[in-house]
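Asker: Just dropping this structure here.
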Amino acid sequence: MNESRISYANYVTKFSCKKITEEGCRVFISGPMTGYADYNRAMFDLAEDYLHALGCAVFNPGNLTCFDEGWDHKTIMEIDISVLKKCDVILHLPGWERSKGAFEEAYVAKDWHLNEAY
């Protein structure tokens, strides 16, 4: 495991709630994308790899091709929210609070009483 993966693993372990370590836990990754190189996919993929290693089922919005195909923000958020409501935990990546979409996801997660991890 390279240094950035170890660093991220330590970050998640330090701030995550117990629920995230349960086998089969469904985790939604939430974080900033707009304005980042390649929509910040490297950070999303890093989180996904780590969560899979814990045995979690993961929804990684960075894997959606609709970003590259020009879908509008509203439609993408409708997809995200529909999946988020089926998850157990939302994992907030660094900088999520400055993202309009991630902030909306956090609001829905609270409304649906999902566990949150940082």
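The values are calculated or read from the model by the stated rules, or taken from the named source; none is laboratory data. All of these numbers come straight from a predicted model, not from anything done at the bench. Because the Cβ atoms are built from the backbone with ideal geometry, glycine has one as well, and the counts that use them run over all protein chains shown. For accessibility, only protein heavy atoms count, side chains too; no ligands or nucleic acids. Shrake-Rupley method; radii C 1.70, N 1.55, O 1.52, S 1.80 Å.
Asker: When both residues are 6+ apart or on different chains and their Cβ atoms are under 7 Å apart, which pairs have a first residue that lies in the stretch 104-118 and is within 11 Å of V89 (Cβ to Cβ), and a second that is open to solvent by 20 Å² or more (accessible area, probe 1.4 Å) and of a type in the set (D, E)?
Answerer: Final answer for the pair search is A109/E116; L114/D88; N115/D88.
Asker: Of everything in the stretch 25-48, what is under 19 Å from L114 (Cα atoms) and open to solvent by less than 20 Å² (accessible area, probe 1.4 Å)? Give them in sequence order.
Answerer: Kept after step one, since they are under 19 Å from L114 (Cα atoms), are these residues of the stretch 25-48: 25-31, 47-48.
Listed by number, the residues that qualify are C25, V27, F28, I29, S30, G31, A47.
Asker: Can you tell me which residue within the stretch 89-116, out of those that are part of a loop (DSSP other than H, G, I, E, B) and buried (at least 17 other Cβ atoms within 10 Å of the Cβ), is modelled with the lowest pLDDT? Lay out the reasoning, then the answer.
Answerer: Within the stretch 89-116, the first condition is being part of a loop (DSSP other than H, G, I, E, B), and the residues that meet it are 93-95, 99, 112-114.
Pick out the ones that are also buried (at least 17 other Cβ atoms within 10 Å of the Cβ) and you get 93, 99, 114.
Numbers: L93: 93, S99: 92, L114: 84.
Looking at the filtered set, the residue picked out is L114.
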